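Notes to accompany the following structure.
The values are calculated or read from the model by the stated rules, or taken from the named source; none is laboratory data. Not measured: the values here are computed from a predicted model. Methodologically, a virtual Cβ is constructed for each residue, glycine included, from the backbone with ideal geometry; neighbour enumeration extends over all protein chains shown.
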Amino acid sequence: MGKNWRKFTRLLPALLLGVCLMPKSAVGAVNLGANTVDVIFTGNAEDNKDFEGVTASVDFYKLADAVEDPQYDRYGYDFREGFEKIADEEELKDPTAEVWSKIGDRASTLIFGENPVSITPVTKKFPLSEGDKCEMESGLYLVIPHDDNGTPVMGKDGKVTSYIDTAIFRYVYSPVIVTMPSTHERTDEAAMTSDKPGWTNNIKIVLKPEKEYRLGQLRIVKSLTSFESRTAATFVFSVDAWLPQDVDENGNPTKYCYNNAVSITFNPGSLEDQDVVLDGIPVSAIVEVKEIYSGASYKLINTEWSADDHVISAEDILTVTFTNEHTHEDRTGYGINNHFDKVDDNWQWLNPNEQGGEGE
């Protein structure tokens, strides 16, 4: 019985309820021919604007072939080699959303785990902003969207994720199980008891991601016109960044997404430019960098940005260069970074016995 059950168990769409058994002659009877598949990348108005011009790949891993039930208006499936145990008989009697999720996790583990089962997906390209259609054979599929860099990987928690990067955001996806044909056109629709039973070969796969900001870098460069000190010279910078929506009516930031204090040190006899690169700043953030300690014997004479808007980009490192000249006063300032702390949203120097300058 086990073999027959596995082959002819009723196959239902992921996250949907069952339908009544119907005779083969009923209107809307199951058709195991080709399916027209539309992939929809969901998002709000802001996301849809972010989607413009972005194309992603969608991998369709066929886990099982659809097999017609000779008696009733339903179909079963014949699992491909290596995937025979991703579902048991009890689960398949009345699969729930939780069951389909478990089946998807098991299939993902087999494909992307330590000892992967050999399977080649059918890969289709889709524009994110409008979606597109393709034709797929009937069957049970694991569907995974990604871009060229965001191919699926298994994390330490055993979960498989993939991602699609746009100019500002990263959209993180989990694999989804999709059955073709289906009892509903959209994979995110819940079946109602009032629904008329029937099958459709027009499938809309709705992909719902987790959304996060991409992260960019800031490079702070320190340049000296001369080095006339007998000891090392240290310069300290405060860094604040805020997102464009987090400002008041006057354009002043109401909250920050990043803040830090960093130092750059010149050793005696070295006049080469020194720099520090900061990671983990959200893309689209506006950055303000202040030189809050200009060395014991130096003063700031120029500040130059690589971008006038001071905005973090995913592709290019935002760079700001501070140039200082010697004041011809013989005072030391090595290791001064340890004397700074942030008090009431301002960086304060906690050693009043030393002297120095500051600039913006």
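Scanning the stretch 44-74 for residues that are more than 18 Å from the chain's Cα centre (by Cα) and under 23 Å from Pro175 (Cα atoms) yields Phe60, Tyr61, Lys62, Leu63, Ala64, Asp65, Ala66.
Restricted to the stretch 254-289, and to residues that are among the charged types (D, E, K, R) and assigned to a strand (DSSP E or B), which residue is farthest from Arg214 (Cα to Cα)? So that I can check it myself, show each step before the final result.
Initial filter on the stretch 254-289 (among the charged types (D, E, K, R)): 255, 272-273, 275, 279, 288.
Now narrow it down to the ones that are assigned to a strand (DSSP E or B): 275, 279, 288.
Numbers: Asp275: 23, Asp279: 11, Glu288: 19 Å.
Looking at the filtered set, the residue picked out is Asp275.
When Glu84 is tested against (1) surrounded by fewer than 19 Cβ atoms within 10 Å (Cβ to Cβ); (2) in a loop (DSSP other than H, G, I, E, B); (3) at pLDDT below 85, only condition (3) is not met. Among the residues of the stretch 149-180, what is the count of those that are on the phi < 0 side of the Ramachandran plot, touching a residue at least 12 places away in the same chain (Cβ under 8 Å) and in a loop (DSSP other than H, G, I, E, B)? Matching residues across the stretch 149-180 total 9. Any residue at all in the stretch 16-23 that is outside any helix (DSSP H, G or I) and at pLDDT 85 or above? Scanning the stretch 16-23, I find no residue that is outside any helix (DSSP H, G or I) and at pLDDT 85 or above, so the answer is no.
With respect to Asn267, is the statement that it is modelled with pLDDT under 95, farther than 30 Å from Val39 by Cα and not hydrophobic (A, V, I, L, M, F, W, C) true? Judged against the criteria, Asn267 is a match. When the test is whether a residue is free of Cβ contacts under 8 Å to residues at least 60 places away in the same chain, more than 29 Å from the chain's Cα centre (by Cα) and in a strand (DSSP E or B), Ile292 does not pass it.
Scanning the stretch 101-123 for residues that are modelled with pLDDT under 95 and crowded, with 19+ Cβ neighbours inside 10 Å yields Ile103, Gly104. Looking across Gln245, Gln217, one residue alone is in a strand (DSSP E or B) and closer than 21 Å to Phe169 by Cβ. It is Gln217.
Of all residues in the stretch 174-189, those satisfying the criterion of being in contact with an Asp or Glu (Cβ under 9 Å, 6 or more places away or on another chain) and closer than 16 Å to Gly104 by Cα are Ser174, Pro175, Met180.
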